[in-house]
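What follows is one structure encoded as structure tokens, with my remarks underneath.
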Amino acid sequence: MAKDKPLTELEVGSIVSSEIKASLGYIGSDITEQRQKSLEYYFGEPFGNEQEGRSQVVSTDVSDVIESILPTLLRTFAASDEIVKCEPVTAEDEEVAKQASDYLNYVFNKDNNGFITLYTLFKDALIQKNGVAKIYWDTSTKRERESYEKLSEDEYTMLVDEDGVEVKEHTEYEDESAKKQKEQYLEQITESGQPIDPMMLEQVENAPIPMMHDVVIERKETFGKVKVEAIPPEEFLIERRAKSIEEANFVAHRTTVTRTQLIEAGFDHDKVYSLPADSQDKYNEEKITRFRNLDYDYDSNAGEASTDEISIYECYIRIDEEGDGVAKLRKITLAGTEGYTVLDNELCDSIPFVSVTPIIVPHRFYGRSVSEMTEDLQLIKSTVMRQLLDNMYLTNNNRVAVMDGQVNLDDLLTNRPGGVVRTKGSPGQVMMPMQTQTINSQAFPMLEYLDTVREQRTGITRYSQGMDADSL
């Protein structure tokens, strides 16, 4: 069977862009809508069915359950410094296993903020189906500006000869103290009255005065480390039919970076500045919901090209680029929003993502969140609580039937303690309160029942949140 022709860069970009738009988690998918809804329930947002003048209280069952589960999870995983433990296979492996365990725990807890990573990962999973973490080798460039004054010639030479040092400002001048010492020495010789050796005098006069240096440098330091970070769920894309990350043919990390960051990462300057600024990520519904109560301004623009944000898709795709009939895993980075530009394309060994979910659904990647299990209860409890409060309002401020023209309506509608209502006849004959039947006896058992259902679904009981005095 004849081999196919290798794919061109344009064909590779077209295939990867098609996978992006067909992936789970792309803008407008059902998963996006479900996760957005879960975030709204977690934040206790209104349901949209509120009526003016009626109770608009919202129960916080989703938030209560999630915040009750988190401490137990974190206590299990983060209470000890030994999160990772390597088991030796043979007796000779014991020392190596111990060193490997120490190193891995140091990387996770010290090089990375392990507690915050676990907290974010678990919370994403509890609210939005799956929490996703990315593990990769991060090569970063650190730039520091430093100023030095009155450096000697040797000190200045040693400084500028260091790797990664670039001189930004430099001022060279004579050493005033050395110059003054030379003048004082010549003055002492001439005033001593003793015979002076002309050759020695000439040597002293022609001796060079040491130069001093004031310099401003920029020190560029490149270093690398293992990076473990939890990424927002809306930034993670995976093919629709995938059962797991390891078996998926397409996985991507969608994020935004500035032009400066792309250039510092080593991409071509002209190609970076030809990329369009991001226009989609600002309007991502999940991101807007997450920042809604923080005055998130998604229309803001810095107005400076170097800080413009660019959409980046770091894609891991199995593709037959060489045309030999065998799909290989490649890391392909695309930039842009519609007409994608390929920034890099290279073979890789594995997909650097891990995922956790509270409730596994067999044979599919996305599981179920704890939020999903309690959202309907939050809606029902909010409805019951609203009805109960409305009933209490009507009980305290009940409706009144009046005889037309016999009661001063302004007095009646002005509800104040000790207020007078003027009537043209006996109040018992021209006014009659319309009694409101209370629903306390029905509402409170209903709320108690809903709490019981929530405990049965989630396993989080009132006792697991801490013993009360009655239980003790």
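A few notes on this one:
- Residues in the range 222-270 that are in contact with a strand residue (DSSP E or B) (Cβ under 7 Å, 6 or more places away or on another chain) and part of a helix (DSSP H, G or I) were compared, and the one that is surrounded by the most Cβ atoms within 10 Å (Cβ to Cβ) is Pro233.
- Checking each residue in the range 14-43 for being touching a helix residue (DSSP H, G or I) at 6+ places or on another chain (Cβ under 9 Å), in contact (Cβ under 8 Å) with a residue 12 or more places away in the chain and either open to solvent by 70 Å² or more (accessible area, probe 1.4 Å) or not in a helix (DSSP H, G or I) (or both) picks out Leu24, Gly25, Tyr26, Ile27, Glu33, Gln34, Lys37, Phe43.
- Helices (runs of 4 or more DSSP H) lying entirely in the range 46-148 (those with 1 or more residues that are under 24 Å from Ile245 (Cβ atoms), of a type in the set (Ser, Thr, Tyr) and open to solvent by 50 Å² or more (accessible area, probe 1.4 Å)): 61-78, 114-128
- The range 147-167 residues that are among the small types (Gly, Ala, Ser), paired with ones that are modelled with pLDDT of 90 or more and exposed (fewer than 11 other Cβ atoms within 10 Å of the Cβ) (beta carbon under 6 Å, 6 or more apart): none
- The set of residues from the range 355-390 being within 18 Å of Ser38 (Cβ to Cβ) and of a type in the set (A, V, I, L, M, F, W, C) comprises Val356, Ile359, Ile360, Val361, Phe365, Val370, Met373, Leu377, Leu379, Ile380.
- Residues within the range 339-357 that are open to solvent by 20 Å² or more (accessible area, probe 1.4 Å) and either closer than 15 Å to Glu19 by Cβ or out of contact with any helix residue (DSSP H, G or I) (no Cβ under 9 Å at 6 or more places or on another chain) (or both), tallied: 10
- For the range 130-165, a residue qualifies if it is over 12 Å from Ile217 (Cβ atoms) and of a type in the set (Ser, Thr, Tyr), and the qualifying residues are Tyr136, Thr139, Ser140, Thr141, Ser152, Thr157.
- Scanning the range 310-338 for residues that are aliphatic (A, V, I, L, M) and open to solvent by 40 Å² or more (accessible area, probe 1.4 Å) yields Val326, Ala327.
The values are calculated or read from the model by the stated rules, or taken from the named source; none is laboratory data. Treat the numbers as computed from the prediction; the structure is a model and nothing was measured. Quick reminder, even Gly has a Cβ in these numbers, built from the backbone with ideal geometry, and neighbours come from all protein chains shown. Just the protein is used for accessible areas: all its heavy atoms, side chains included, with ligands, DNA and RNA removed. Shrake-Rupley method; radii C 1.70, N 1.55, O 1.52, S 1.80 Å.
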